[in-house]
Amino acid sequence: MRVAFGVLGPTVAESDGRALALKGPRHRAVLARLVVARRRVVPVTHLVGDLWTDPPPGAVGAVQTFVAALRRVLEPDRPSRAPARLLVTDGPGYALRPEPDAVDAWCFETAVGAAARLPATQALPRLEEALALWRGPAYAEFEEEDWARGERSRLAELRLQAVERRARTQLDLGLAAEAVPDLDVHLAAHPWREDAWRLLALALYRQDRQGDALGVLRRARAVLADQLGVDPGPRLRRLEADILAQDPGLDPPAGPTATAARLWTRTAAAYDRTVAAGARARLETTVSLIRNLAVTGGGGLAAARQHRMEAVAAAEEFGDPDLTARVIGAYDVPAIWTRSDDPELARRIVEAAERALAASPGDAHEAARCRLLATIALETRGSRAPRGPQAAREAEEIARRLDDPALLAFALNGVFMQSFTRAGLAPRRDEIGAELVELAARHDLVTYEVLGHLIRLQARGALADFATADRHAAAVDRLAERHELPLAGVFTQWYRALRLAASGQPAGAETAYRDAAALLDGAGMPGLERGLLPLALLCLRVQHRRRTWSDTGPGDTGPGGSDPGGSDPGPVEIDLGADWGPYRPWVMPFALLASGRRAAARAALRALPEPPRDLMYEACCCLEAVVALEVGDRDVLERARTRLLPAAGELAGAGSGLITLGPVEDHLADITTALRAPTSPVPPR
């Protein structure tokens, strides 16, 4: 169950859109106080002092009771003796450890920060998205509390800056009329904001309302004098003089950005007037817009996911399978990561696609059928069900028969997503990437050209051909900059961190991984983001530990062994409070080993499911092997060897383009040595 928290207004918690019952005001206060701490520990004594001016004798016990009640609400399915994962006990107090995108205030800050680094056309939707998160004053019910006062003030100021930045961005885009209403409301509540007065006057002037603009400046002068006893600052005085002089510098920007923005506004208005509200054409146009939205950045990708199923459901209401097929198939957004960002949405899309296939007549348009099959192949990524590979093969056959380049590119994306049936398939994926690059470059399919380069980056990384992978990373960056595709840079940044890890530079790699992880904040790719940074750091430490062991010389017993001379680098420490996402099952044996619970680690190891058939398959198999060497589990070692043998010539995990655990052949050598030993390679400790 994923829990989200809201503090931009009254404090709330919800799961799957359903509000969670937080009981009394002190329960909410504890929760809000922990959110303010931003994942840091708050000692129990501080919580007592924050909740009561004059704490009663049983205050500490009361706080413990509040925390226990909150845990039952936040993690209702947690076994009674299992450690909490969200509201954790840590040392002298408690910490709330939600995902980075699970607190509205954190999402707001991330979106505002991202907008500052984006061009105006991309910054405006990010600012709109950020401001839409506000439901009222931050921490609304705690305005009198000292512990909330600083955070409330900081967030309130950041919101005021975001409102004004949005207005500046609208003016940069030639959208002066759109800026005026929000600025009017903004100034009614915050009349001392001089920059807001300046923006409002400029917006009015750019609408040929010179008199109104001067009237706003006179009003600003009167308000500042009456309320603050000051004269307008130099920027307001200069603007007034420039308006009176009709300075050409005040005219709206005449660049292509502003022209494009005005054209968009006028065209959208004309379409809205001309095309009937219930027309099917509206639905198909909307899907095309959703598709384009998905490649504009994190906010656009998240919004596209939100609206995609709504469009499919609307199409199904018409009862026309051909329309439904067109609406589903029009969302041919290239996908590189093999874990779904929204598994429930993927399931619903697949079901709708299967319904459309079943309802289509036998002579249905083959291109529409191909798009439905390619969609099924994409949305069943990581599944062990045979339907995904079957759909991918059918889609590819149809696309090649029709000789449609765009259709073939879409189908090849589905083939790529279904190319993880076993380890060692990097050469096959390299072939897919090469065909995509050639096909897309020849037919100007830019987003698929980027996809092809990313697939080859991954495949050549798996094959330790970093010179070629570097060239593909550079090609991705060039295309992304030229065509405004910001999400592509997330993958090349992670790849460069992998390069440092593979070259034996753990300190530089850790810094690079943390910098790359910052790009994922607000990128709209939870299927990629969840658990990735802690997993990357774990792999970095495991790899460094193996190198440390291999360099210690004679007398070592093996990567999991215990050398009486002291060469054993010790267990890998695990922070279970981190968000490990889908990788937690493969991390638990490490955590149990680090705490000295070898029998429990062995049991957890044996209980592991087969790794998902995705880009992390070889990495998960190697993590199992590392722990199996530690605990001397021959059965798991045999299983790992069988799974890894086809990838003997690859770098474990590097096919992801993100992480690595070193050469697979090194892991296989360790496994072989251990299995040849007559007893467990690890003596009991």
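The values are calculated or read from the model by the stated rules, or taken from the named source; none is laboratory data. Just so it is clear, the structure is predicted and the values come from calculations on it, not from any experiment. A quick note on method: Cβ atoms are made from the backbone with ideal geometry, for glycine too, and the neighbour counts reach across all protein chains shown. To get the accessible areas, we keep the full protein, side chains included, count just its heavy atoms, and leave off ligands, DNA and RNA. Shrake-Rupley method; radii C 1.70, N 1.55, O 1.52, S 1.80 Å.
Checked against (1) open to solvent by 30 Å² or more (accessible area, probe 1.4 Å); (2) within 23 Å of Ala115 (Cβ to Cβ); (3) touching a helix residue (DSSP H, G or I) at 6+ places or on another chain (Cβ under 7 Å); (4) assigned to a helix (DSSP H, G or I), Gly489 meets all criteria but (1).
Taking the range 54-81, which residues are touching a residue at least 60 places away in the same chain (Cβ under 8 Å) and within 17 Å of Gly577 (Cβ to Cβ)? Of everything in the range 54-81, those that are touching a residue at least 60 places away in the same chain (Cβ under 8 Å) and within 17 Å of Gly577 (Cβ to Cβ) turn out to be Leu74, Glu75.
Residue count for the range 512-550, restricted to those that are open to solvent by 60 Å² or more (accessible area, probe 1.4 Å) and among the charged types (D, E, K, R): 6. Only one of the numbered conditions (1) of a type in the set (Asp, Glu); (2) open to solvent by less than 30 Å² (accessible area, probe 1.4 Å); (3) part of a loop (DSSP other than H, G, I, E, B) is violated by Glu144, and that is (2). State the number of residues belonging to the range 1-53 that are of a type in the set (Gly, Ala, Ser) and touching a residue at least 24 places away in the same chain (Cβ under 8 Å). Residues flagged as of a type in the set (Gly, Ala, Ser) and touching a residue at least 24 places away in the same chain (Cβ under 8 Å) within the range 1-53 amount to 8. Scanning the range 164-212 for residues being under 17 Å from Arg238 (Cα atoms), outside any helix (DSSP H, G or I) and either hydrophobic (A, V, I, L, M, F, W, C) or over 36 Å from the mean Cα position of the chain (by Cα) (or both) gives a total of 1.
Checked against the criteria, Ala325 counts as buried (at least 22 other Cβ atoms within 10 Å of the Cβ), of a type in the set (A, V, I, L, M) and more than 24 Å from the chain's Cα centre (by Cα). The set of residues in the range 567-586 that are open to solvent by 30 Å² or more (accessible area, probe 1.4 Å) and of a type outside the set (A, V, I, L, M) comprises Asp568, Pro569, Pro571, Glu573, Asp575, Asp579, Pro582, Arg584, Pro585. For the range 644-685, what are the residues that are hydrophobic (A, V, I, L, M, F, W, C), out of contact with any helix residue (DSSP H, G or I) (no Cβ under 8 Å at 6 or more places or on another chain) and modelled with pLDDT of 95 or more? The answer is Ala669, and nothing else. Restricting Ala188, Ala196 to residues that are among the small types (Gly, Ala, Ser) and touching a helix residue (DSSP H, G or I) at 6+ places or on another chain (Cβ under 8 Å) narrows the list to Ala196. Residue pairs whose Cβ atoms lie under 6 Å apart, sitting 6 or more positions apart in sequence or on different chains, and linking a residue in the range 631-642 that is under 15 Å from Thr672 (Cβ atoms) to a partner that is of a type outside the set (Phe, Trp, Tyr) and in a loop (DSSP other than H, G, I, E, B), are Gly632/Ser680; Gly632/Pro681; Gly632/Val682.
One residue alone among Leu217, Leu239, Leu224 is closer than 29 Å to Gln122 by Cβ and surrounded by 12 or more Cβ atoms within 10 Å (Cβ to Cβ), and that residue is Leu239.
Any residue at all in the range 417-427 that is over 18 Å from Pro334 (Cα atoms), among the β-branched types (Val, Ile, Thr), in contact (Cβ under 8 Å) with a residue 24 or more places away in the chain and surrounded by fewer than 16 Cβ atoms within 10 Å (Cβ to Cβ)? Among the residues of the range 417-427, at least one is over 18 Å from Pro334 (Cα atoms), among the β-branched types (Val, Ile, Thr), in contact (Cβ under 8 Å) with a residue 24 or more places away in the chain and surrounded by fewer than 16 Cβ atoms within 10 Å (Cβ to Cβ), which makes the answer yes. A single entry from Ala115, Ala123, Ala105 fulfils the requirement of being of a type in the set (A, V, I, L, M, F, W, C) and under 22 Å from Val35 (Cβ atoms): Ala105. Only one of the numbered conditions (1) in contact with an Asp or Glu (Cβ under 7 Å, 6 or more places away or on another chain); (2) crowded, with 21+ Cβ neighbours inside 10 Å is not met by Ala509, and that is (1).
Taking every residue in the range 587-606 that is open to solvent by 20 Å² or more (accessible area, probe 1.4 Å) and pairing it with any residue that is among the charged types (D, E, K, R) and part of a helix (DSSP H, G or I), at least 6 positions away or on another chain, the pairs with Cβ-Cβ distances below 7 Å are Leu593/Glu630.
In the range 492-547, the residue that is nearest to Pro100 (Cα to Cα) out of those that are part of a loop (DSSP other than H, G, I, E, B) and out of contact with any Ser or Thr (no Cβ under 6 Å at 6 or more places or on another chain) is Arg530. Can Leu250 be described as more than 23 Å from Ala377 (Cα to Cα) and crowded, with 19+ Cβ neighbours inside 10 Å? Here the answer is no, as Leu250 does not meet what is asked. Ala176 satisfies every condition listed in (1) among the small types (Gly, Ala, Ser); (2) closer than 30 Å to Arg282 by Cβ; (3) open to solvent by 60 Å² or more (accessible area, probe 1.4 Å) except (3).
One residue alone among Leu425, Leu485, Leu520 is out of contact with any Gly (no Cβ under 8 Å at 6 or more places or on another chain) and closer than 14 Å to Gly655 by Cα, and that residue is Leu425.
Is one or more of the residues making up the range 73-96 in contact with a strand residue (DSSP E or B) (Cβ under 8 Å, 6 or more places away or on another chain), within 25 Å of Ser153 (Cα to Cα) and not aliphatic (A, V, I, L, M)? Among the residues of the range 73-96, at least one is in contact with a strand residue (DSSP E or B) (Cβ under 8 Å, 6 or more places away or on another chain), within 25 Å of Ser153 (Cα to Cα) and not aliphatic (A, V, I, L, M), which makes the answer yes. Counting only residues that are closer than 14 Å to Arg40 by Cα, of a type in the set (Gly, Ala, Ser) and either modelled with pLDDT under 90 or surrounded by fewer than 18 Cβ atoms within 10 Å (Cβ to Cβ) (or both), the range 70-116 holds 1 of them.
Rundown of residues vs (1) part of a helix (DSSP H, G or I); (2) farther than 30 Å from Asn413 by Cβ; (3) among the polar types (S, T, N, Q), yes/no style:
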position	(1), (2), (3)
Gly577	no, yes, no
Gly596	no, yes, no
Ala601	yes, yes, no
Leu605	yes, yes, no
Pro611	no, no, no
Leu615	no, no, no
Ala625	yes, yes, no
Arg641	yes, yes, no
